[in-house]
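Throughout, read-outs are computed from the coordinates displayed, never taken from laboratory work. It should be emphasised that the depicted structure is a prediction, and the values quoted were computed from it without experimental measurement. Neighbour counts are summed over all protein chains in view; Cβ atoms, including those assigned to glycine, are modelled from backbone coordinates with ideal geometry.
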């Protein structure tokens, strides 16, 4: 790890091959430059509700945080600060203070609980936790094992419903700690571009989250690249409504604004009902998303003036094509839905003719391979446009040209070895290439379903179910069959005031040309409260575990459709007892309890 040095005459770092030039020697130098600039310095950098902080004020706050972090450092490495906050200005102040001091911000996912949350804190060697009253209940069960001891609690941006929002508790107060830090002004450290700046956890939708290393170089290069893609300049305003512990909010939301000397408007958390009002209040010109937010926004009541807003462009990933197109039309926004992951590592060319379902055209270094690294044959499609040779063509997407911007997982040598085998970057994502090298995303490596001896992917079924006019969100996955293999199950969230018609839904499913008989869901669950990560990605492994079991599905109605039946019917207690008996008869009881 690069040691911090005191500031002096800085040498601009040489970009790596294929990398855009860095906008400054490091993030610390960039913050200082913006603060001193006669035009950028007094311009807004952060907006939150009615509050506004200029770039000069952002730097001043960063200096206070940097001094705090340096005072708390007690080991021979940079301080690791766990930030357990909503999207408040304190989050960006902490990141900026870490940039000036060479410290490391660990974005803590507030959807994690108990031992899982403790694992994240211990795994990343947390020295100090900064939080706010609303998240204290998450830490209370871990108090005697909490790394770094008592957390620093910010009461600076309370919500009325927060416990202890009046500051009346006796916990360590952030303001007091900031005021007590020794010294004044900028500590004058140049961490250098390769100093670790943040640890960003992957979403963990199919396994334990991994902490991706993000250097100052990585965020500045990504901010530069995203600024070019979205044409971000000093007058722009990014709307950051994805959680700042996630890569999208940092690399698509804040990093382009930081590089350009622009502003961001913060939403404490994503709200479909409050999104458009926020965009208009902040006069936001771009925003980032990941997962399902576009679908949630389209599910809100449509108004004739929806397109009367300041947004120019949205950038994200995992958007269904139908949803993306509908969102772009309704809100008058260019939507760039790209393939991407926290780790980076694979890029595709989108400056080609669009092809339905494709992410773009892959260069020669991007391959789809089997577990041994052998390239798989191209995809073939039937007359209805369905993938005809999934068993042959679907494999893991890799970059054979190297690991790209991926800088490794923190404290995880096994995952690093797996992800960088042969000197390639292995994405952990399934995909396939057609004859023209268009790349298609086919889900995560656990997203296979096997029905009656046929292997196929859940992602195309999910995309089809999501087209239903009453469905806001769909998750499709395999659940065990009582005899062998799997059955297809779909969990759906319906639009407000929509009802589920078992007969009409079955007829609609049967009418979809891209849903073959084995692909049609055997079970349908109406989700009241989907299990999601903090970035609105459905945690499929939780749904797989819950299956159709009444003791796990939290009262959600489940429907079943027997083979040959024209309609779904309610799956009740008698059905569950009969199914459990069938598992026992077939010596598959272990699958019942998985």
**Asked** What FRET efficiency, computed as 1/(1 + (r/R0)^6) with R0 = 41 Å and r the Cβ-Cβ distance, is obtained for residue 435 and residue 281, rounded to the nearest 0.05?
**Response** 0.25
**Prompt:** Under the classification rounded if a/c is under 1.5, otherwise prolate if a/b is larger than b/c and oblate if not, where does the stretch 318-437 fall, given a ≥ b ≥ c as square roots of the Cα gyration tensor eigenvalues?
**Reply:** oblate
**Asked** Using alpha carbons only, how many degrees (0 to 90, rounded to 10) separate the axis of helix 573-585 from the longest principal axis of the chain?
**Response** 80 degrees
**Message:** Need one number: nm distance between label points at residue 582 and residue 501, each 7 Å from Cα along Cα→Cβ, rounded to one decimal.
**Reply:** 2.8 nm
**Fill in**
Most exposed to least, judged by fewest other Cβ atoms within 10 Å, 537, 210, 292 sort to 537, 210, 292
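Pairs of Cα atoms under 8 Å, at least six residues apart: use those to get the relative contact order of the stretch 60-180, whole percent.
Numbers: 189 pairs, mean separation 29.9, N = 121.
25 percent.
Provide the gained length on full extension for the span residue 175 to residue 159, in nm with one decimal, where the gain is 0.36 nm per separating residue minus the Cα-Cα distance.
Working: separation 16, 0.36 × 16 = 5.76 nm, distance 1.72 nm.
In short, 4.0 nm is gained.
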**Asked** Counting each DSSP H run of 4 or more residues in the chain as -39500 (n - 2.57), what helix-only mean residue ellipticity at 222 nm follows after dividing by all residues, to the nearest 500 deg cm²/dmol?
**Response** -7500 deg cm²/dmol
**Message:** I'd like the orientation of helix 89-101 relative to the chain: the angle between its Cα long axis and the longest Cα principal axis, in ° from 0 to 90, rounded to 10.
**Reply:** 60 degrees
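Please compute the length gained on full extension between residue 60 and residue 529, using 0.36 nm multiplied by the number of residues separating them and subtracting their Cα-Cα distance.
Value of the extension gain: 164.7 nm.
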**Prompt:** Taking the inverse of the average 1/r across all pairs of different Cα atoms in the chain, what Kirkwood radius in Å do you get?
**Reply:** 25.5 Å
**Request:** Can you tell me the 0 to 90 degree angle between the C-alpha axis of helix 216-230 and the longest principal axis of the chain, rounded to 10?
**Result:** 60 degrees
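Once you have a ≥ b ≥ c as the square roots of the Cα gyration tensor eigenvalues for the stretch 87-206, tell me rounded if a/c is under 1.5, and otherwise prolate or oblate according to whether a/b is larger than b/c.
Values: a/c = 1.79, a/b = 1.13, b/c = 1.59.
Here the stretch 87-206 falls in the oblate category.
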**Prompt:** Between residue 513 and residue 593, what is the FRET efficiency for a Förster distance of 51 Å, r being their Cβ-Cβ separation, to the nearest 0.05?
**Reply:** 0.85
**Asked** With contacts defined as alpha carbon pairs under 8 Å and 6 or more residues apart, what's the relative contact order of the stretch 475-594 in percent?
**Response** 28 percent
**Prompt:** How much FRET efficiency would the formula 1/(1 + (r/R0)^6) give for residue 329 and residue 484, where r is the Cβ-Cβ distance and R0 is 51 Å, rounded to 0.05?
**Reply:** 0.65
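Can you tell me how the stretch 448-593 classifies by the Cα gyration tensor, rounded, prolate or oblate, using a/c under 1.5 as the rounded cut? Each step should come with its number before you reach the end.
Values: a/c = 1.38, a/b = 1.24, b/c = 1.11.
Verdict is rounded for the stretch 448-593.
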**Asked** What is the chain's relative contact order, in percent, from Cα pairs under 8 angstrom and six or more apart in sequence?
**Response** 10 percent
**Fill in**
Fewest-first ordering of 54, 533 by Cβ atoms within 10 Å yields 54, 533
**Request:** Please give, to one decimal in nm, the separation of the simple spin-label points placed at residue 388 and residue 550, each 7 Å out from Cα toward the Cβ.
**Result:** 4.7 nm
**Request:** With a point put 7 Å past each Cα toward its Cβ, work out how far residue 356 is from residue 374 in nm, to one decimal.
**Result:** 3.3 nm
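Only counting other Cβ atoms within 10 Å, I'd like 34, 135 sorted with the fewest neighbours first.
On the way: 34 25, 135 19.
Taking fewest neighbouring Cβ atoms as first place, the list is 135, 34.
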